1. Assess whether Phe133 counts as being farther than 30 Å from Ala216 by Cα, modelled with pLDDT of 90 or more and buried (at least 17 other Cβ atoms within 10 Å of the Cβ).
2. What's the total number of residues in region 183-230 that are within 16 Å of ligand 2 (Cβ to nearest atom), touching a residue at least 40 places away in the same chain (Cβ under 8 Å) and more than 18 Å from Arg255 (Cα to Cα)?
3. From (1) out of contact with any helix residue (DSSP H, G or I) (no Cβ under 8 Å at 6 or more places or on another chain); (2) surrounded by 15 or more Cβ atoms within 10 Å (Cβ to Cβ); (3) over 16 Å from Pro158 (Cβ atoms); (4) among the charged types (D, E, K, R), pick out the condition that doesn't hold for Glu243.
4. Surrounded by 18 or more Cβ atoms within 10 Å (Cβ to Cβ), at pLDDT below 90, closer than 22 Å to Ala208 by Cα and within 16 Å of ligand 2 (Cβ to nearest atom): is that true of Phe234 in this structure?
5. Select from region 165-203 the residues that are surrounded by fewer than 18 Cβ atoms within 10 Å (Cβ to Cβ) and in contact with a Phe, Trp or Tyr (Cβ under 8 Å, 6 or more places away or on another chain) and list them in ascending order.
6. Condition first: out of contact with any Phe, Trp or Tyr (no Cβ under 9 Å at 6 or more places or on another chain) and closer than 19 Å to Asp124 by Cα. Can you find one or more residues in region 277-289 that meet it?
7. Within region 308-324, take every residue that is closer than 20 Å to Asn135 by Cα and in a helix (DSSP H, G or I) and give me the one that is farthest from ligand 2 (Cβ to nearest atom).
Amino acid sequence: MSHGRRQRPPGGGTGGAMSGGDTIDERWRRVRARCRDTLGNRTFERWIESISLESAGESRVTMAAPTRFLRDWVAPRYGDRLRAFWRAEIPTVQTVDFVVRPALPADAAAAADAGTVSVDGEFDDGLDRVYDFENFVVGKPNEFAHAAARSIAEAEAPPYNPLYIYGDVGLGKTHLLQAIGLRYRALRPDRRVVYLSAEKFMNEFVRALRLEHIMAFKERLRSVDLLMIDDVQFIGGKHATQEEFFHTFNAMVDRGRQVAVAGNSVPADLERLTEPIRSRLNWGLIAQVHETNYELRVGILQDRVERMGAASRVPDKVVEFLARKIATNVRELEGALTTLVARATLTGARIDLEFCQDVLRDILRAHTGDVTVEGIQKRVAEHFGVRVSDMCSARRQKVIVRPRHVAMYLAKELTPRSYPEIGRKFGNRDHTTVMNAVRRIDKERRVDPAFAEEVDMLRRVIAG
Ligand code: ADP
Ligand code: MG
């Protein structure tokens with residue numbers, strides 16, 4: 001084990017909280033031992049063992065994960081627990097945070113970090129291990145889609161082809177597609193799995209056309225055993241792409257390869273798609289993910305709380321309250337929980353109903369005010385000290401990109417505008433840029449409570 005190697009002496013050196021005679025190594029060993037005890041060997045070895053100690057001071061402990069993936073997994077799920085264990089060792093500790101510190105040579109680390117298995121040097125599998133069946137909570141609204149997804153993943157030969165999953169945003173379509181891919185690959189490591197957003201599919205296709213690799217492109221796609229296409233409503237437009245999509249689709253089904261597709265409506269309403277594709281989607285099995293109900297929301301929250309290691313801090317009453325108040329989609333539900341826990345962590349507040357109402361008031365108000373994308377851009381630009389025109393320009397400097405992402409994120413959260421609509425208001429950017437921004441900020445909020453608080457502060461100012 002490499003932990004302790006990069007350790008620096010605890011900051012401050014004023015004694016006080018650190019005066020116990022124990023070395024920091026011994027404390028770290030005890031924190032790890034307690035993690036192992038409470039999480040069990042398997043979870044510990046899978047997630048915690050490779051975490052090393054970066055530095056420990058009186059108020060802050062920093063731990064290092066060997067990959068970004070590991071950090072993004074561990075921080076939101078076990079961060080609270082690690083913090084509690086550290087506080088048992090050093091009571092003055094306020095913050096426990098994580099950095100990414102590759103333990104492997106740079107290339108290998110980058111490969112591991114990307115979390116991808118290259119299928120053939122061109123497509124990676126596109127799978128994200130966060131979205132597996134194990135952390136998909138099943139309830140009445142999604143049980144049919146879930147059962148269909150599972151049967152696709154587990155059957156020897158395609159039981160339905162294609163599987164088409166549809167429903168509103170934030171109800172778990174991407175999660176289910178990803179879970180199919182992960183399970184399928186776990187059961188059959190020798191087969192080829194590819195997950196592509198419609199956008200990626202189009203980009204790859206156009207690129208292949210330009211480079212005159214189109215035959216190779218087709219062959220590569222058709223050699224895949226399980227193909228998943230997400231957000232098919234965005235395939236749209238370009239006739240040649242649709243044509244190719246359709247042929248690929250048919251070729252795969254004809255050869256007994258499994259295809260799974262997700263979109264935002266029944267095939268007949270996918271207006272941008274050509275008629276042959278719409279009807280082809282009708283040939284297989286169609287499964288809807290419905291609006292959540294109260295029981296499912298409670299289930300998802302409980303599962304999330306558990307995985308965050310925050311079960312002892314979030315009372316049932318609070319879970320029930322959240323599940324009643326936030327009746328929209330799962331992403332918002334998760335966002336509210338993250339905000340709640342982040343703010344409590346930062347302020348040291350107890351998570352009771354009153355605190356919950358306070359935090360939620362800000363969130364709920366945001367859904368009723370007439371907030372505009374332009375208003376958000378202005379506020380966010382002000383906050384970061386950049387110009388709105390820069391935010392909407394093509395500039396890619398970090399100082400611009402970050403405010404841009406935050407503004408896109410808040411626009412999605414606080415206004416009823418769709419991804420394409422928001423993209424247009426940011427210098428005619430593509431909807432996928434907005435989707436990526438939202439996802440990125442979501443992730444960052446989970447691992448960085450200070451950043452989560454900053455974003456929430458902005459949200460309050462804007463929604464106020
Ligand atoms: P969609 O693709 O339908 O817009 P996602 O699959 O991206 O929605 O889901 C949004 C978020 O909600 C993700 O973080 C996902 O993990 C989570 N989520 C959705 N449904 C469930 C569920 N049934 N159990 C656990 N998490 C869920
Ligand atoms: Mg999705």
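1. On the way: farther than 30 Å from Ala216 by Cα: yes; modelled with pLDDT of 90 or more: yes; buried (at least 17 other Cβ atoms within 10 Å of the Cβ): yes.
So Phe133 fits the description; yes.
2. Counting residues in region 183-230 that are within 16 Å of ligand 2 (Cβ to nearest atom), touching a residue at least 40 places away in the same chain (Cβ under 8 Å) and more than 18 Å from Arg255 (Cα to Cα) gives 7.
3. Every listed condition holds for Glu243 apart from (2).
4. Judged against the criteria, Phe234 is a match.
5. Answer for region 165-203, where residues must be surrounded by fewer than 18 Cβ atoms within 10 Å (Cβ to Cβ) and in contact with a Phe, Trp or Tyr (Cβ under 8 Å, 6 or more places away or on another chain): just Arg191.
6. Taking every residue of region 277-289 in turn, none turns out to be out of contact with any Phe, Trp or Tyr (no Cβ under 9 Å at 6 or more places or on another chain) and closer than 19 Å to Asp124 by Cα.
7. Asp316
Condition check ((1) under 18 Å from Asp124 (Cα atoms); (2) away from ligand 1 (no atom under 16 Å from the Cβ)) across all residues:
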site	(1), (2)
Gly172	no, no
Ile180	yes, no
Ala208	yes, yes
His213	yes, yes
Lys218	yes, yes
Ser223	yes, yes
Met228	yes, no
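The values are calculated or read from the model by the stated rules, or taken from the named source; none is laboratory data. Everything quoted here is computed from the prediction, not taken from an experiment. Positions of Cβ are generated from backbone atoms using ideal geometry, with glycine treated the same way; all protein chains shown enter the neighbour counts.
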